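Working notes, structure below.
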Amino acid sequence: HLNVVTILSKSHADRNVYPSAGVLFVHVLEREYFKGEFPPYPKAGDSSNDPITFNTNLKGYPDRPGWLRYIQRTSHSDGVLYGSPTAEHVGKPTIIEITAYNKRTFETARHNLVINIMSTEEFPLPYQAEFFIKNINVEEMLASEVLGDFLGAVKNVWQPERLNAINITSALDRGGRVPLPINDLKEGVYVMVGADVQFSSCLREVETPQNQLRCSQEMEPVISCDKKFRAQFHIDWCKISLVDITKVIPVHSNRPDLGTGVLPDIGEYNPPSESLKSRDYFADFLITLAVPSAVALVLFIILGYSLCCRREGVIQLVHHSSIQKSTKELRSMSKNREISWPLSTLPVFHPVSGEVVPPIHPDNYETTSMPLMQTQTNLQSQIQIPQQQSSGK
């Protein structure tokens with residue numbers, strides 16, 4: 001029993017609707033209606049559950065007008081056109097082309113919706129409040145039952161004579177994030193309503209310093225009338241916006257006069273002549289090649305002088321040459337292991353007995369596996385020094 005001005009209509013072919021400027025307009029695209037537009041499908045299947053999607057655009061243009069939005073959550077749910085026309089669109093018929101796609105039969109059906117925006121003296125209402133509801137998505141709020149319940153709760157708190165919904169906006173259109181698919185989280189929706197009386201004391205409670213401090217600390221403010229909404233609507237009172245348009249200073253911008261879109265006639269086009277002037281590329285050559293080459297040559301001369309003509313450079317070159325020579329010598333020795341035995345491996349005379357002691361390594365000893373130094377244990381196992389015999393024997 002509310003004095004709610006909200007225009008609801010159902011989809012029909014070439015239908016005319018008459019919304020008012022400054023009032024929420026909702027148009028439902030029902031799947032059941034468009035099912036009758038498609039021919040029967042010859043194959044077996046549930047024709048009552050065909051996936052149907054809609055495409056809406058302004059006639060002759062690829063998209064809709066700026067004030068008109070469209071949403072369809074899934075191909076098995078109805079589509080909804082909604083928005084709030086302004087006074088600038090009054091008297092201009094807006095033709096919306098609605099194309100329905102049946103994804104099972106690949107058939108299409110097209111209808112036109114003619115929106116005739118009317119002007120009214122009652123709107124816009126001077127006092128406007130915008131609420132952010134956290135537990136409802138935009139398509140759920142567009143349902144007439146849910147919207148009527150919310151406006152009823154607002155009217156009980158505000159107590160106006162006239163109250164209407166001005167606009168509904170999804171939180172995603174305001175920069176909100178898509179919620180995680182847990183705990184049945186919702187995207188949230190902004191609902192703007194207008195009334196003809198001043199804001200109630202309950203709505204003004206959010207402007208108190210205590211509640212402003214709680215909002216700055218990301219805490220819920222204490223609102224006395226929140227219990228009237230809490231049963232069905234979870235309102236974020238820190239995001240409520242109260243606007244008195246009677247105190248808003250209008251800002252007029254001087255827009256330039258739009259022309260006809262046709263360029264002025266300045267005569268025929270005169271292309272450039274075929275005889276082009278010759279260009280001298282010698283300066284470009286000097287810049288791109290000669291200058292870098294000269295810089296590189298100077299750097300090369302400085303480097304050669306520092307290495308070959310100065311004492312520090314000569315010492316570094318000699319040191320490098322000696323290291324390189326030693327490396328080559330070691331590599332040549334490692335490649336040719338079959339060389340003469342060192343003096344320590346030649347036969348020697350025992351200092352006590354005077355006998356000839358065989359070399360430490362026999363002739364058939366593998367030189368490649370010869371250790372550089374012999375341990376005392378290996379030396380005793382390889383050499384048996386004869387004991388001195390007594391003179392009697």
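Throughout, read-outs are computed from the coordinates displayed, never taken from laboratory work. Everything numeric in this text was worked out from a predicted model, so none of it was measured. Here Cβ is always computed from backbone atoms with ideal geometry, including for glycine, and neighbour counts include all displayed protein chains.
Odds and ends about this structure:
- Principal semi-axes of the equivalent ellipsoid, √(5λ) from the alpha carbon gyration tensor of segment 24-123, are 31, 13, 11 Å from largest down.
- Principal axis analysis of the Cα atoms in segment 81-145 yields extents of 51, 38, 18 Å, listed in decreasing size.
- Other-chain or far-sequence residues with amide H under 5 Å of Glu107's (modelled H): Asn102
- Qualifying lysines (Cα of each under 24 Å from Cα of Lys325; at least 8 residues distant if same chain): Lys335
- Filter on Lys59/Lys103; Lys35/Lys186; Lys155/Lys247; Lys186/Lys239; Lys134/Lys227; Lys134/Lys239 - keep pairs with C-alpha separation over 20 Å: Lys59/Lys103; Lys35/Lys186; Lys155/Lys247
- Segment 169-245: trypsin sites (Lys or Arg not before Pro) falling in loop per DSSP and having at most 14 other Cβ within 10 Å: Arg177
- 3J(HN,Hα) from dihedral phi, segment 160-170, Karplus parametrisation 6.51/-1.76/1.60, rounded to Hz, x for glycine, proline: x, 7, 10, 9, 8, 7, 9, 7, 9, 9, 6
- For segment 62-179, convex hull volume per residue from C-alpha positions, Å³: 154 Å³
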